[in-house]
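The block underneath contains the structure these notes are about, expressed in structure tokens.
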Amino acid sequence: MTTTESGAPPASGGTGPADLQERFEATIARDQRVEPRDWMPDGYRRTLIRQIAQHAHSEIIGMQPEAAWITRAPSLRRKAILLAKVQDEAGHGLYLYSAAETLGVDRAELNDRLLEGRQKYSSIFNYPTLTFADVGVIGWFVDGAAICNQVPLCRSSYGPYARAMVRVCKEESFHQRQGYELLRTMTRGTKAQREMVQDAVNRWWWPSLMMFGPPDENSPNSAQSMAWKIKRHSNDELRQRFVDMTVPQAEALGVTLPDPELRWNEERGRYDFGTPDFDELVRVIKGEGPCNAERMERRRTAHEEGAWVREAAAAHAAKQASRSKRGMAA
Ligand code: FAQ
């Protein structure tokens with residue numbers, strides 16, 4: 001019996017448009033993976049390119065806020081940790097661009113779309129990192145939110161994306177712990193350090209909740225993405241999971257989350273919490289956040305300054321290819 005790339009038996013042997021659609025739907029219904037060479041609807045491909053590219057851009061732009069502290073980290077140990085963490089984010093960007101390329105789009109084209117403002121990156125990276133406590137809070141909140149969002153993506157229906165997420169999540173989980181450990185050290189330090197942590201928590205809490213996207217009733221992509229099993233849970237469900245996970249951690253650290261409506265709901269078995277300012281989210285996505293212009297400018301400069309590296313790498317690859325061709329001919 002023939003199988004599809006994902007190992008699923010074809011729903012029928014035909015190759016007409018209806019057969020292909022039927023086979024695709026059967027793969028999704030059986031919770032099996034769609035692989036690059038499988039037929040897929042254009043909308044499914046477009047949605048994946050949009051989400052994976054936005055995700056990749058976020059990892060790369062997301063290097064900037066913390067990288068600003070590498071030269072000012074308070075000890076060699078903290079500097080080494082931060083360097084490694086920021087490098088990990090670059091690696092995540094690379095896995096994700098590679099996953100996007102399996103859908104037939106070129107990485108250089110995706111980069112152009114970002115630089116021309118045709119593709120987005122996560123709103124969270126448009127906020128400034130004012131003190132070293134922000135490095136800890138980014139690890140705790142931002143990587144924590146990334147984990148809540150991305151662990152379910154390990155079961156996403158598109159194979160290369162789901163597999164990339166497995167390693168990304170392991171590393172994000174380590175990042176979250178390093179952030180929490182940094183904050184534990186600071187909260188056990190001086191009064192000034194404790195105040196610095198609380199200030200960073202106050203500034204990053206609401207933007208972190210906004211990372212999960214608009215509320216469900218205002219999320220145009222969710223229904224189709226969930227039907228295709230690209231997304232496994234709604235934006236609000238993941239936001240709730242993040243709150244439920246983070247509140248006990250805040251209590252253990254001895255910091256207050258800046259939400260007067262936050263309280264345990266016995267009936268629901270979950271925390272109730274206030275509504276993030278979604279108008280702010282829209283403004284930040286549109287480019288009007290505190291650091292949007294600075295982040296894009298830095299990205300553009302880094303891309304221009306990296307041109308010689310790309311040229312050198314391409315020349316090296318061409319030389320290697322022609323050598324191995326000559327070797328094969330000999
Ligand atoms: N920021 O209909 P929905 C990280 C856009 S990685 C900007 O709900 P969807 C690692 C959305 O694209 C963080 N734009 O959309 C790290 C759509 O616009 P479009 C990134 C946002 O796709 C840690 C429109 O609004 N993670 O943190 C945002 O179903 C530390 C309508 O929204 C991912 O990308 C936002 N917050 O759900 C690195 C995870 N929210 O494209 C360094 C994968 C929404 O139609 C340091 N992505 N939009 O023009 C996802 O799970 C989804 O794409 C969502 C949005 C949940 C982000």
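Just so it is clear, none of the values below were taken in a lab; they were calculated from the coordinates. Note that the coordinates shown come from a computational prediction; the quantities given were computed from them, not determined experimentally. A quick note on method: Cβ atoms are made from the backbone with ideal geometry, for glycine too, and the neighbour counts reach across all protein chains shown.
Along each of the three principal axes of the Cα atoms of region 187-233, give the extent in whole Å, ordering the values from largest to smallest.
51, 18, 9
Based solely on its DSSP helices, what 222 nm [θ] is calculated for the chain when runs of n ≥ 4 H residues each add -39,500 (n - 2.57) and the sum is averaged over all residues, nearest 500 deg cm²/dmol? Numbers along the way, then the final one.
Values: 14 runs with 202 residues, N = 330.
Mean residue ellipticity, 222 nm, calculated: -20000 deg cm²/dmol.
Taking Cα atoms, how many degrees apart are the long axis of helix 191-210 and the longest axis of the chain, rounded to 10 and kept between 0 and 90?
40
Given 0.36 nm per residue, what is the gain on full extension from ALA329 to ASP244 after removing their alpha carbon distance, in nm? If you can, show how the numbers build up before the last one.
On the way: separation 85, 0.36 × 85 = 30.60 nm, distance 6.31 nm.
Full extension from ALA329 to ASP244 adds 24.3 nm.
Grab the alpha carbons of the chain, take their convex hull, and tell me the volume per residue in Å³.
Working: hull volume 58.5 nm³, N = 330.
Cα-based convex hull of the chain, divided per residue, equals 177 Å³.
Using only Cα atoms, figure out Rg for region 78-164 and give it as a multiple of 2.2 N^0.38 Å.
On the way: Rg = 14.9 Å, N = 87, 2.2 N^0.38 = 12.0 Å.
Against the empirical 2.2 N^0.38 Å value, I get 1.24 for region 78-164.
Evaluate region 72-115: find the radius of gyration of its Cα atoms, find its Kirkwood radius, and give the ratio Rg to Rh.
Checking Rg against Rh, the ratio lands at 1.22.
So what's region 116-257 giving for Rg/Rh, alpha carbon basis, Kirkwood Rh from the mean inverse pair distance?
Working: Rg = 16.1 Å, Rh = 16.1 Å.
Rounded to two decimals, Rg over Rh is 1.00.
Within region 274-289, name every residue whose backbone N is under 19 Å away from a label modeled 7 Å from Cα of GLU251 along the Cβ vector.
274
Lysines within cross-link reach of LYS191: Cα-Cα under 29 Å, excluding same-chain residues under 8 positions apart?
Of all the lysines, those that pass the test against LYS191 - Cα under 29 Å, at least 8 places apart if same chain - are LYS79, LYS85.
If the cut-off is 20 Å between C-alpha atoms, which lysines fall inside it for LYS231, apart from same-chain ones fewer than 8 positions away?
Answer for LYS231, where 20 Å is the Cα cut-off: LYS120, LYS170, listed by chain and number.
How big is the Cα convex hull of region 187-330 in projection, averaged over all directions, in nm²? Write out the running numbers ahead of the final one.
Working: hull surface 65.2 nm².
Mean projected area for region 187-330: 16.3 nm², to one decimal.
Taking R0 as 22 Å, what FRET efficiency do you get between VAL309 and ARG167 from their Cβ-Cβ distance, rounded to the nearest 0.05? Don't skip to the answer; put the middle values down first.
On the way: r = 24 Å, r/R0 = 1.10.
Efficiency, from the Cβ-Cβ distance: 0.35.
Could you order peptides 255-268, 22-35, 145-158 by the average number of other Cβ atoms within 10 Å of their residues, highest first? Provide the component values of the computation, followed by the final result.
Numbers: 255-268: 12.3, 22-35: 18.1, 145-158: 21.7.
The densest-packed peptide leads the list: 145-158, 22-35, 255-268.
Starting from the alpha-carbon convex hull of region 124-174, give the projected area averaged over all orientations, in nm².
3.8
Over the Cα atoms of region 241-313, Rg to Rh with Kirkwood Rh, two decimal places?
On the way: Rg = 20.4 Å, Rh = 16.3 Å.
Answer for region 241-313: 1.26.
Angle, helix 42-61 long axis vs. longest principal axis of the chain, Cα atoms, 0 to 90°, nearest 10?
40
Once the piece of chain linking GLU195 and ARG298 is laid out straight, how much longer is it, given 0.36 nm per residue of separation minus the C-alpha distance between them? Each step should come with its number before you reach the end.
Working: separation 103, 0.36 × 103 = 37.08 nm, distance 3.05 nm.
Full-extension gain reported as 34.0 nm.
Starting from the exponent 0.38 and prefactor 2.2 Å, build the expected Rg for region 41-120 from its residue count and divide its actual Cα Rg by it.
On the way: Rg = 15.1 Å, N = 80, 2.2 N^0.38 = 11.6 Å.
Compared with the compact-globule rule of thumb, region 41-120 sits at 1.30.
Which GluC sites (Glu not before Pro) does region 108-196 hold that lie in a coil by DSSP with at most 11 other beta carbons within 10 Å?
On the way: sites: GLU109, GLU116, GLU171, GLU172, GLU181, GLU195; in loops: GLU116.
Within region 108-196, the qualifying GluC sites (Glu not before Pro) (loop, at most 11 other Cβ atoms within 10 Å) are GLU116.
Check each of the trypsin sites (Lys or Arg not before Pro) in region 77-142 and keep only those in coil by DSSP with at most 14 other C-beta atoms within 10 angstrom; list them in order.
Working: sites: ARG77, ARG78, LYS79, LYS85, ARG107, ARG113, ARG118, LYS120; in loops: ARG118, LYS120.
For trypsin sites (Lys or Arg not before Pro) across region 77-142 that sit outside H, G, I, E and B with at most 14 neighbouring Cβ atoms in 10 Å, the list reads ARG118.
Between ALA90 and GLU261, with labels modelled 7 Å along Cα→Cβ, what's the label distance in nm to one decimal, could you check?
Each label point is offset 7 Å from its Cα along the Cβ direction, giving 4.2 nm.
Kirkwood Rh over Cα pairs of region 14-84 into Stokes-Einstein at 37 °C, 0.692 mPa s: D in µm²/s? Present the calculation step by step, with values, prior to reporting the outcome.
Numbers: Rh = 15.8 Å.
This corresponds to a translational diffusion coefficient of 208 µm²/s.
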